[in-house]
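Colleague: Sharing a structure with you now.
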Amino acid sequence: MRLRYFASVLLSGLLLFGSTAVANAQASPPLIHLPRFTGSVDLAQGAIFWLGSVGVDGNYADVRIGQNDQRVSLSLHVFDRDLRYQQPGADGWRNWDAVTVYLDTGNGPGEAITTSSYRFETVLSEAWLPRKDFQRSSRGQAGAWVTGNVPVTTTAGIQGSMNNNVDDRGWTMVIQIPFASLGLPASPGPGQTWRMALELHDKDGTATLQPVRLWPSAANLNRPNTWGIMAFGPAETGAVPNMPSGRATLRHGVGGVVAPDAHVGGSSVCGDQTPDYFRDWGSANYAGVAQINIQNEWDISDWPCFSKYYVTFPLNKVPTGVQVVSATLTVNLFGNAGYRAGDAKPSWVQAATVAGAWAENSITWNNAPPVAETISGTWVKPVDFYAEFPGVPYTWDVTKAVATAKATNQPLRLALYSTDAAYHSGKYFWSADAGEPARPRLDVVWGEDLSNPGFKLDGAPKFQQLTSGQSSTFTVDLDWTGGFDAPVTLTATSSAPEISLQPQTITLTAEGTAQFTLRDIGSSSAGSIVPITITGEGGGKSQFITIAVLRNGSLIWLPALAR
């Protein structure tokens, strides 16, 4: 059975159409971490982000970016229905299909362009024409752009035919900017940051110039401090070396957790539900599907196959006032694209936080929120045959993303997308609408921030047995840390009505112990395990511990075996 056909059948679902919407504006500059390569820059493993929207008269672009010791390299893969070019004149650089890259290499960019600000304009052209005639550079001087000669290399590619009324698929542009061209002897060190902005220009027909697409969407091109941030080197994990004091496992539909997810784009059938791609593809919605696709390619003609994945997790089960020690997202793979075993190659699938909320029944390619920060990546290997339920688990380190979201009192909002170059790159995962064992899972471990005043909880015994009508006690120990001296209120809660707790709250004004009485007020039914949670809150800090109560347990005698 051919995997592409098999997985396409599995992934078929309800298709809804909504109006094309402008992508959510970003309140703060997006942060893109540039991976560093020891040899040539492999943009198939570069960081990825995007701008624009798909439409009859609008352009969308995937942007891949990376660096090595000599240069920054980036590519744009542009979805464009009508390819137009002409050798630009003195003022015609923005009047054709083109991209403009803005960089500011200064420390602490200000509100005006300076000699650390650069602008690179590059226009689409036929492959046989010399690229030097379709690119130019400028440098900032006293708040204005002055055309100069900053050497860069650009390479254009097209899928379609130029300057006619025949519908096309799109174009690509690779831009390589040597550090030496910017007056730098070497690559900036890990963690150093520059500012960057992008303009995507679009000419349709002989006279129609479409609105410019910006990244970031709110950038002021004469104010570098409004541009996006590019940081050299991978993102730090954000992991905290600390003694874990608690953990939570979050899954949609389990324990009251609501964690919706969705994929946008072509699903697993390359947008066959929307054959008029430029008109309908960007507004397709796939609410409620049990399987999702993540897919990308270098060949821009295949963009109707591209798909991204979005997921949101609430973080209310993670206490405030603690440090996130680690956090991982797990998604289960069950299949991939390809006509036969060996067609598919491993995919570098990246996780990024996104700027803004979305709804499962209305999210589309065109209105899905853009990247806020690139976080981490994982290699996903293809399977030659369908992976038995619940599939093959793959994880992404999202520690920093969870810590940032919790600190700003927001849910965790992620997008997963790949930077594949090869064909048959689709990777098929179970969604939050699948059976419980296969749903995406977020695991968070936290510890008390010992660098700040706080408190710790402990208690005993952490496992107890009760029968109907029986009582026992549980003792909680409170220790202050780092000079903490605020009262702490302990609250006891049971996950089952059969276990009563007395008292339900105790306030301690100093270090010491508190005792709770547990009583089984239920019937003598079959055995079950009931978790009891003791939460401590005070001085803006929160901690909790859990115990397990075995109700109506019984002994089972097993036969002894003698040799």
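Colleague: Can you name the condition, by its number, that SER500 falls short on among (1) assigned to a strand (DSSP E or B); (2) at pLDDT below 85?
Modeller: (2)
Colleague: Let me ask something else. Would you check which residues across segment 427-465 are part of a loop (DSSP other than H, G, I, E, B), modelled with pLDDT of 90 or more and out of contact with any Leu (no Cβ under 9 Å at 6 or more places or on another chain) and list them?
Modeller: SER431, ALA432, ASP433, ALA434, GLY435, ARG439
Colleague: Which of the residues belonging to segment 229-251 are at pLDDT below 80 and either on the phi > 0 side of the Ramachandran plot or surrounded by fewer than 19 Cβ atoms within 10 Å (Cβ to Cβ) (or both)? Show your work before the answer.
Modeller: We begin by selecting, within segment 229-251, every residue at pLDDT below 80; these are 237-245.
Hits for segment 229-251 are THR237, GLY238, ALA239, PRO241, ASN242, MET243, PRO244.
Colleague: Next question, about the same structure. I'd like the full set of residues that are out of contact with any Pro (no Cβ under 8 Å at 6 or more places or on another chain), assigned to a strand (DSSP E or B), closer than 14 Å to GLN67 by Cα and not hydroxyl-bearing (Ser, Thr, Tyr), limited to segment 141-194.
Modeller: VAL174, ILE175, GLN176, ILE177
Colleague: Separate question: Provide a single number: the residues in segment 132-176 that are farther than 19 Å from LEU198 by Cα, among the β-branched types (Val, Ile, Thr) and crowded, with 19+ Cβ neighbours inside 10 Å.
Modeller: 1
Colleague: Moving on to the next point. Could you list, in sequence order, the residues of segment 387-418 that are in contact with a helix residue (DSSP H, G or I) (Cβ under 7 Å, 6 or more places away or on another chain) and assigned to a loop (DSSP other than H, G, I, E, B)? It would help to see each step written out before you state the result.
Modeller: So in segment 387-418, the residues in contact with a helix residue (DSSP H, G or I) (Cβ under 7 Å, 6 or more places away or on another chain) come out as 389-391, 411-412, 414.
Matches in segment 387-418: PHE389, PRO390, GLY391, PRO411.
For (1) under 26 Å from PHE278 (Cα atoms); (2) touching a Gly at 6+ places or on another chain (Cβ under 6 Å); (3) at pLDDT below 95; (4) not β-branched (Val, Ile, Thr), each residue gets a yes or a no:
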{"position": "TYR60", "(1), (2), (3), (4)": "yes, yes, no, yes"}
{"position": "GLY66", "(1), (2), (3), (4)": "no, yes, no, yes"}
{"position": "TRP93", "(1), (2), (3), (4)": "yes, no, yes, yes"}
{"position": "PRO130", "(1), (2), (3), (4)": "no, no, yes, yes"}
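Colleague: Out of SER125, SER73, I need the residue that is part of a strand (DSSP E or B) and polar (S, T, N, Q). Which one? Walk me through how you get there before you give the answer.
Modeller: Values: SER125 fails: part of a strand (DSSP E or B).
So the residue among SER125, SER73 that is part of a strand (DSSP E or B) and polar (S, T, N, Q) is SER73.
Colleague: Among the residues of segment 497-510, is there at least one that is within 38 Å of the chain's Cα centre (by Cα) and surrounded by fewer than 16 Cβ atoms within 10 Å (Cβ to Cβ)? Even if it seems obvious, please write down each step before you answer.
Modeller: Within segment 497-510, the subset within 38 Å of the chain's Cα centre (by Cα) is none.
No, because not a single residue in segment 497-510 is within 38 Å of the chain's Cα centre (by Cα) and surrounded by fewer than 16 Cβ atoms within 10 Å (Cβ to Cβ).
Colleague: Now, a different point. Can you spot a residue in segment 503-525 that is part of a strand (DSSP E or B) and either among the charged types (D, E, K, R) or within 30 Å of TYR394 (Cα to Cα) (or both)?
Modeller: Going through segment 503-525, the residues part of a strand (DSSP E or B) turn out to be 505-508, 512-520.
Keeping just the survivors that are either among the charged types (D, E, K, R) or within 30 Å of TYR394 (Cα to Cα) (or both) gives 519-520.
Within segment 503-525, one or more residues are part of a strand (DSSP E or B) and either among the charged types (D, E, K, R) or within 30 Å of TYR394 (Cα to Cα) (or both).
Colleague: Then there's this: What do you reckon, is ALA327 in contact with a helix residue (DSSP H, G or I) (Cβ under 9 Å, 6 or more places away or on another chain), buried (at least 21 other Cβ atoms within 10 Å of the Cβ) and not in a strand (DSSP E or B)?
Modeller: Answer is no for this residue.
Colleague: Name the residues in segment 527-545 that are over 23 Å from PRO461 (Cβ atoms) and modelled with pLDDT under 85, would you?
Modeller: Matches in segment 527-545: GLY539, GLY540, LYS541, SER542.
Colleague: Going through GLY553, GLY483 one at a time, which residue ends up being within 21 Å of GLN323 (Cα to Cα) and at pLDDT below 85?
Modeller: Values: GLY553 fails: within 21 Å of GLN323 (Cα to Cα).
Every option except GLY483 fails the conditions.
Colleague: Cβ-Cβ distance below 9 Å, separation of 6 or more or different chains: which pairs start in segment 204-215 with a residue that is assigned to a loop (DSSP other than H, G, I, E, B) and end on one that is among the small types (Gly, Ala, Ser)?
Modeller: From segment 204-215, the pairs are GLN210/GLY58; PRO211/GLY58.
Colleague: In segment 402-448, what residues are under 22 Å from SER347 (Cα atoms), touching a strand residue (DSSP E or B) at 6+ places or on another chain (Cβ under 8 Å) and aliphatic (A, V, I, L, M)?
Modeller: Listed by number, the residues that qualify are LEU414, ALA415, LEU416, ALA432, ALA438, LEU442.
Colleague: If you don't mind, another one. Can you tell me which residue is modelled with the highest pLDDT among those in segment 300-314 that are over 18 Å from ASN336 (Cα atoms) and surrounded by fewer than 21 Cβ atoms within 10 Å (Cβ to Cβ)?
Modeller: Among those residues, the one meeting the criterion is PRO314.
Colleague: Output the residues belonging to segment 486-497 that are modelled with pLDDT of 90 or more and not in a strand (DSSP E or B).
Modeller: PRO487
Colleague: From the list VAL258, VAL318, VAL269, VAL254, exactly one residue is buried (at least 23 other Cβ atoms within 10 Å of the Cβ) and part of a loop (DSSP other than H, G, I, E, B). Which is it? Write out each step before concluding.
Modeller: Numbers: VAL258 fails: buried (at least 23 other Cβ atoms within 10 Å of the Cβ); VAL269 fails: buried (at least 23 other Cβ atoms within 10 Å of the Cβ); VAL254 fails: buried (at least 23 other Cβ atoms within 10 Å of the Cβ).
Unique residue meeting the criteria: VAL318.
Colleague: Can you tell me which residue among ALA197, ALA180 is over 21 Å from ASP299 (Cβ atoms) and loosely packed, with under 14 Cβ neighbours inside 10 Å?
Modeller: Only one candidate qualifies: ALA180.
Colleague: Filter segment 364-418 down to the residues that are farther than 26 Å from ASN316 by Cα and charged (D, E, K, R) and list them by number.
Modeller: LYS381, ASP384, GLU388
The values are calculated or read from the model by the stated rules, or taken from the named source; none is laboratory data. Here the structure is a predicted model, which means the values were calculated and not measured. When we count neighbours, we look across all protein chains shown, and the Cβ atoms used for this are built from the backbone with ideal geometry, even at glycine.
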